[in-house]
Every structure is written in structure tokens, then in C-alpha cells.
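The values are calculated or read from the model by the stated rules, or taken from the named source; none is laboratory data. Model, not experiment: these values are computed from the prediction. For neighbour counting, all protein chains shown are included, and Cβ atoms are generated from backbone atoms with ideal geometry for every residue, glycine included.
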Amino acid sequence: MKYVIITNNKLVNEYYLNEINFKNLEKIIFMETASFINVLEFARDSIHKGHKLLTHPLTGSVKPYETPFKSVVISSETTEMDFESLNIIENSIEVTKKFLRDYKPRNLKEKHLKDFMIIDKSLIDSGIESINQVY
């Protein structure tokens with residue numbers, strides 16, 4: 001199955017742009033200035049257009065208020081709207097908004113930002129590995 005990566009993480013963008021061994025990767029949508037919630041909302045809008053969610057938006061134990069980085073994988077092909085994908089992304093957006101209301105975003109130093117980029121990349125790498133095993 002061909003897939004699309006939606007990310008605001010430059011490390012993910014650079015890695016997958018420079019790798020030629022990702023036969024199922026159709027494209028990367030790099031939202032450089034987007035927030036965590038903006039990435040989820042873009043994924044939701046894509047699901048409304050018929051894309052299917054291939055990775056869970058809230059993987060790992062890193063909370064949305066702890067990190068500014070998020071990467072999500074969706075199908076590149078479109079079909080009828082997948083209501084399971086829509087339910088997952090809507091719930092993820094709701095949880096993220098609740099966290100952002102209840103906790104102040106952290107002011108992170110460059111070193112910590114790089115750490116969170118690496119964590120996000122590791123999570124999306126694992127998701128893509130699983131996608132490639134299933135499809």
C-alpha cells in the first residue's frame with residue numbers, strides 16, 4: 001500500500017526525503033511551521049477526503065503538551081471515508097486539545113527539541129515498518 005507521511009518534524013522530512021528504499025512512500029507533506037494539533041487537523045481533513053489513517057496519532061508515552069512534533073501516516077489512495085480512521089483522529093484531536101487546555105506548553109531548549117524530534121522519528125519508523133509488513 002502506498003502511503004503519505006504528514007509531519008512537522010524536519011528530521012523525519014529529511015530522513016525520508018533522502019532515503020530511496022521506501023518503495024511504498026508516495027510523498028511527504030512537511031508542515032514546517034505547523035503545531036502538533038495542526039498536523040492532526042490536516043490528517044483529519046485528509047481522512048474526510050477518503051484517505052485512511054495508517055498510524056495512530058497518539059502513539060508512545062509522550063503527551064501532546066510535552067512535544068511540538070508529530071508525524072502521522074495515511075494512505076495515498078482515496079476511497080470512501082473510513083469511519084474508523086475518522087473516529088480515531090477526532091478522538092486524538094479532542095485528547096490533544098484537552099491536554100493543551102490543562103497544561104501549559106513547555107519552553108524547550110534546542111537540545112530537548114532535537115530529543116523530541118528523534119522520539120517522533122523513532123515512533124513513525126516503527127509504524128512504517130509495521131505498515132510495510134502488513135501490506
Being touching a Phe, Trp or Tyr at 6+ places or on another chain (Cβ under 9 Å) and assigned to a loop (DSSP other than H, G, I, E, B) is the filter here, so list the residues in the stretch 3-37 that pass it.
8, 9, 22, 24, 31, 34
Any idea which of (1) surrounded by fewer than 19 Cβ atoms within 10 Å (Cβ to Cβ); (2) in a loop (DSSP other than H, G, I, E, B) is the one residue 118 doesn't satisfy?
(2)
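Can you say whether residue 18 is in contact with a helix residue (DSSP H, G or I) (Cβ under 8 Å, 6 or more places away or on another chain) and over 28 Å from residue 100 (Cβ atoms), as far as the supplied structure shows? Explain how you work it out, then say what you get.
Working: in contact with a helix residue (DSSP H, G or I) (Cβ under 8 Å, 6 or more places away or on another chain): no; over 28 Å from residue 100 (Cβ atoms): yes.
When the stated conditions are applied, residue 18 does not pass them.
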I'd like the full set of residues that are charged (D, E, K, R) and crowded, with 20+ Cβ neighbours inside 10 Å, limited to the stretch 45-83.
52, 70
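Quickly run through the stretch 62-78 and pick out the residues that are among the aliphatic types (A, V, I, L, M) and closer than 15 Å to residue 5 by Cβ. Before you say what the answer is, go through the steps one by one.
Pass one, the stretch 62-78, residues among the aliphatic types (A, V, I, L, M): 62, 72-74.
Answer for the stretch 62-78, where residues must be among the aliphatic types (A, V, I, L, M) and closer than 15 Å to residue 5 by Cβ: 72, 73, 74.
Residues checked against (1) modelled with pLDDT under 95; (2) in contact with a Lys or Arg (Cβ under 8 Å, 6 or more places away or on another chain); (3) of a type in the set (Ser, Thr, Tyr); (4) on the phi > 0 side of the Ramachandran plot:
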{"position": "3", "(1), (2), (3), (4)": "no, no, yes, no"}
{"position": "19", "(1), (2), (3), (4)": "yes, no, no, no"}
{"position": "26", "(1), (2), (3), (4)": "yes, yes, no, no"}
{"position": "46", "(1), (2), (3), (4)": "no, no, yes, no"}
{"position": "74", "(1), (2), (3), (4)": "no, yes, no, no"}
{"position": "80", "(1), (2), (3), (4)": "no, no, no, no"}
Answer with yes or no whether residue 64 is in contact with a strand residue (DSSP E or B) (Cβ under 6 Å, 6 or more places away or on another chain), in a loop (DSSP other than H, G, I, E, B), free of Cβ contacts under 8 Å to residues at least 40 places away in the same chain and not β-branched (Val, Ile, Thr).
no
Exactly one of 100, 58, 40 is part of a helix (DSSP H, G or I) and at pLDDT 95 or above, and that residue is 40
